[in-house]
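Below: one structure, written as structure tokens.
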């Protein structure tokens, strides 16, 4: 009610905007006792119950509640591929066709299950259909104003065709992102291969860290630049509602995340392994420099020294699914906590260093006296200021993280079947660390109603579809286990690879359609409960309406004197009616209705007409 626009019944307070630019933030305070109790209870549980999810929803709103419900469902579903993947790793090894097929089926079933789960939670939390309500953006700039034909209100509009032309700019933006990030990743990838597998000179032990340092420095910088460009491009598209704006921005950011997360493994699988023997020799700077001065025999003998590392793809998948997840956990939870504590210690150190200050009358007072807090309110206001210094919580960042993790599972888990085992352990910790992050490291988010996880559900479906393509390609290239003398897989034919991809993709689409049709027939429990309650409510309303009409009919049968009070007809009332009729040009129909002062008179007249018409045939027969 505080931030809702005035036309919607709220106060219309917009922090850092317009007349409220001096207001820094509006946020509720944390319930410290409840947060500590929840963290204590959850540390002893493997799965969160429905009551735990309800408590999250009641505390932080449906928007955060849907994220934790998704993470809980994802964690439960990971148990099957974890057990199955561990068994395949022991018995079948990497690039198992059986594991790849089961993994693709699991991805489809999980996505369709979560759609049913969203419907169930929206009914349980009574938010079904709230996504249809689209609040307008205050930054929306209408081109013209038109009058709504149905409501008569004047509203601003922006032509859809012009917005569509602006949306076409996403094509060059996607190409720019692919080229910019692709060049950085490919260059660092080439430097890494050259140093680790070709270069044998001095300081090799230290030079191998150069690609990692370059990636750590350039990728975040370039990603932030591209995200800022995406935000400006999204603003230029001028969306009228906030949900439409969020969906468009999420799609643009997803393009950047897709490139930065999956391109290194794609380069290894589809460039390094098949073509390294042809590309890597050109990365040897010394060889390129001296090649004009040496004989062809020496050059060819130098090239045969290189051999492809067959475990490079597996090691890279392990890094992104294990090491990178642990690093991300540390950067997301531990580093902010240490940063927060160090910041508070630094502020306290500055206060102790400054000591006491002199007031206007020459006396000394503590630094806290500048706030002019009442002694009884000092502890509370200190807590408020500490929470105001915390960062804002953005649930889309956590959803993005889970979406990217799901992509590793869908696209590359056939390379290393223990990927779901790693994610199972990671998500058990993630579920609790995210709650800890909200309670201890971020401001308490203000509740937002939601009935879905938003556009990230479409991203999951897209990654599952791409996984059917990459999995089939990886199986065709590496499942036979035949390697050449230099480690390059043999027997690869371009037409056969393309045919395998197309065939597997069509099978995937047919299976997805069948699973979607089958699961659509399964009604969630809370949806069924809501349907039953609505049916009973309509039935009770219909019964009460029929009972009311029956009582009115019984009153009519007893006579007009008992069912209604007929007003007294006096000389004065007749003169008033005659005067009104004489001063207006009234047709007979209007005269007929003016004689009926209320609905009961009309009902009595109608009943009299019906009875008269019903007795006319009998009278004629008797005549």
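Read the figures in this text as sums done on the coordinates, not as results from a lab. These figures come from a predicted structure and were not determined experimentally. FYI the Cβ positions are ideal-geometry reconstructions off the backbone, even for glycines, and counts take in every protein chain you see.
General observations
- Quarter of the Cα convex hull surface for segment 84-142, i.e. its orientation-mean projected area (nm²): 7.9 nm²
- Here r is the Cβ-Cβ distance between residue 116 and residue 204 and R0 is 41 Å; the resulting FRET efficiency, rounded to 0.05, is 0.15.
- Segment 78-204: C-alpha gyration tensor shape, a/c 1.5 cut-off, then a/b vs b/c: oblate
- Segment 236-268 and segment 8-34 have Cα centres separated by 29 Å.
- Rg and Dmax of segment 156-260, Cα atoms only, in Å: 19.0, 68
- Highest average first, the peptides 88-94, 58-64 ordered by how many other beta carbon atoms sit within 10 Å of their residues are 58-64, 88-94.
- Note on residue 41 and residue 83: the extension gain reaches 12.4 nm, defined as 0.36 nm multiplied by sequence separation minus the Cα-Cα distance.
- For the listed peptides 241-254, 410-423, a ranking on the average number of other beta carbons within 10 Å per residue, highest first, reads 410-423, 241-254.
- FRET efficiency estimate (nearest 0.05) - Cβ-Cβ, residue 50 to residue 144, R0 56 angstrom: 0.70
- Calculated FRET value between residue 344 and residue 469, using beta carbons and R₀ = 60 Å, to 0.05: 0.75
- Cα→Cβ-extended label distance, 7 Å offset, between residue 612 and residue 73, nm: 6.6 nm
- Distance between the pseudo-spin-label points of residue 23 and residue 323 (7 Å out from Cα toward the beta carbon): 4.9 nm.
- Pair residue 539, residue 279: separation of 7 Å Cα→Cβ label points (nm): 6.8 nm
- Part-to-part distance (alpha-carbon centres) for segment 382-412 and segment 505-519, which is given in Å: 32 Å
- For the pair segment 67-132 and segment 158-223, the centres of their Cα atoms are 31 angstrom apart.
- Those residues of segment 67-83 whose amide nitrogen sits under 14 Å from the label point placed on residue 425, 7 Å along Cα→Cβ: 82-83
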